[in-house]
Structures are given as C-alpha cells and as structure tokens.
1. Taking amide H atoms as placed 1.01 Å from N in the peptide plane, list the residues 5 or more away in sequence, or in a different chain, whose amide H sits under 5 Å from that of Arg293.
2. What would the Debye equation give as log₁₀ I(q)/I(0) for region 60-209 at q = 0.09, 0.13 Å⁻¹, counting only Cα atoms as equal point scatterers?
3. Set the Förster distance to 22 Å, then compute FRET efficiency between Arg278 and Glu199 from the Cβ-Cβ distance, nearest 0.05.
4. Place a point 7 Å from Cα of Glu262 in the direction of its Cβ. Which residues in region 161-197 have their backbone N less than 12 Å from it?
5. Trypsin sites (Lys or Arg not before Pro), restricted to region 210-297: which are DSSP loop and have at most 13 other Cβ atoms within 10 Å?
6. Please report the antiparallel percentage of DSSP beta bridges with both residues in region 17-225, rounded to the nearest 5.
7. List the DSSP H helices in the chain whose Cα atoms stretch 15 Å or more along the helix axis and whose mean Kyte-Doolittle hydropathy is at least -0.5.
8. Taking only the alpha-carbon positions of region 238-295 and ignoring solvent, what does the Debye formula give for the base-10 log of I(q)/I(0) at q = 0.19, 0.23, 0.30 Å⁻¹?
Amino acid sequence: MSAPEFNLALEGAPGETVRLSPLVRRVLAPNPGPFTYRGTCTYIVGEGDVAVIDPGPADAAHLSALRHAVRDERVSHILVTHTHPDHYPAAAPLAEATGAAILGCAPGSDAASRAVGAASDAPYRPDRILACGERIEGPGYTLTALATPGHAANHLCFELQEERALFSGDHVMAWSTSVVIPPDGDMGDYMASLRLLLERDDRLYWPGHGGPVKAPKRFVRALLQHRRQREAAILGTLGPEPRSIDDIVLQIYQGISPSLLEAAAQSTLAHLIDLAARGKVRSDTGDVTRKARFLRP
Ligand SMILES: [Zn+2]
C-alpha cells in the first residue's frame, strides 16, 4: 500500500467537512475559546461505514453539520477520547440519530468537568468502555485505543493503523500545551503518557483542537522538555520561605493573559503535587492544595 496523503493545509470553517486523508475527514465545532482554540475537531474515519471520534459539544448547528457530512453513510461507532464537555455531549444525540454505539473512555468524575470550568449535564453512557489496546474495525480501517491519562484521568488516544496516525485528543496538540488540572489531571501520569508516545512510530497526530502534529516524536520530546523547564522554574522560585501558588505564577508566567491565570495556577499546582510526591517540595501545612504555601524541604 502506498503512503496515504495528508492534507495539512486546509483549515476549514465551523460546520464545513474537510478531507484530511484517504480515511479521515474533519468537521470543526463552533466552540472557539481560550481552551478550545478554533473549536473542537470532530473526526470521521472510513468511507461508507464510518466511525466518528469526539462528536463535540451538543450544539444544534454542529450536530446538523455532522449528520449532513455522513448523510449517505452509516455511522457504526462513536468514539470518545475523554469526558471534558467540549468533546462528548453530542455523542448521545448523534447515537440516537444514527443508531451508532458509543465506545471509548470510562465515564469521568464531576471534578473532571469542573476542572475545565464548564460542567455539563449531558449524560455520557458508553455502550462499551475500551481498554488500552482494544480494537475497533470497520471496512478499511482499524482503530486501537491507547490509554493516555494525565490531561484527564480517563483519556484515550486512538491509533488509525492504516495511516499510522494517532487521534491524540487533548493529550498532545500543536496549538497549545495541554492543561493538567488536579485532581482529575495528574502531571506524573501526563509525563508518563508523553513518554509512552516516544516508544511509538506514528506518522502524525490529529488533535482534539487545531491542526495536525506533523513530526510527533520531535514535538513530544519538546513538550517533555517544556514541562521539565516549567518544573525547574517552579523550583527556582522556592526557598526556605513558604510562597503561595499565586506568587509563583506571577513570577514565572510573566505577561500571561488574565483569562488564563487560574489555569496557570492549576497547572502549577499539578507540578507541585508531582514534586511533593517526589520529595522535592513541601507545603507549610503538609496539605498540597491550591491554597497551600510551598517551600523547599
Ligand atoms: Zn480536555
């Protein structure tokens, strides 16, 4: 089989179906924002008998664009990478409209939704929870679940074997680093899930937001390096006097947009939890929380 061609140039407007490769199309949801970039990417995999990955928010226009994109096809599977409210709520109405089965990550905790500031009441009731390594096959395509906790505890990526592509959800994105917000987000898990990707041989990633990651291993190595630098910067702010997370954030995230300050604080907390577990920092009270103050042991 010759190598699939990837269309890396086309951006596409919300609701428009963009052909990305022989097996992959994308419909952008109309939910742009500081955590969602231009909106959630919903992917359609296969031809004629298809799987939909991350159906996105329960937005009427998006649902109707998705149904239009697959109007002459059968949707057999709806796959969900994780239960943040920009990825899954359209699963139930799409399943109802198409008769497809919902497969994917385990249900998440309430903390997971609150963490990203947009709890959703939409139910997430998968017909089947996929274990790491489990496969979904359709005509001409094979998708394999890969457990990648960190951004969310239940996060899965999906490999598309025929094109050596990985649907990376919010684990790895080209436009931004992932937010890791405790307690559902876990920095130690996130770093381990990044290292896991280095052992693979994917040709490119299709993320949950933004365009493709084109040189995945180099990119993931840079992400790991970025997190190690962030960790070193946090350690660099600490000494024998306890400091609050707000203090640390103001020192290391200079020039950050005010709308992202709390996310930076939560990310810093995620690093501090990991650093405390490794004995490199401690809090003045012993509790590693958002309100605690931190110092070097
Ligand atoms: Zn997410």
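1. Hits under the 5 Å cutoff: Asp284, Thr285.
2. Here log10 of I(q) over I(0) equals -0.27, -0.58.
3. Calculated transfer efficiency: 0.45.
4. none
5. Lys214, Arg278, Lys291
6. The antiparallel proportion sits near 65 percent.
7. Helices meeting the criterion: 187-198, 261-277.
8. With one equal scatterer per Cα and no solvent, log10 I(q)/I(0) is -0.61, -0.87, -1.30.
Just so you know, all these numbers are worked out from the coordinates, no wet-lab data involved. Keep in mind the model is a prediction, meaning the values are calculated, not measured. Cβ sites come from the backbone with ideal geometry, for glycine too, and all protein chains shown count toward neighbours.
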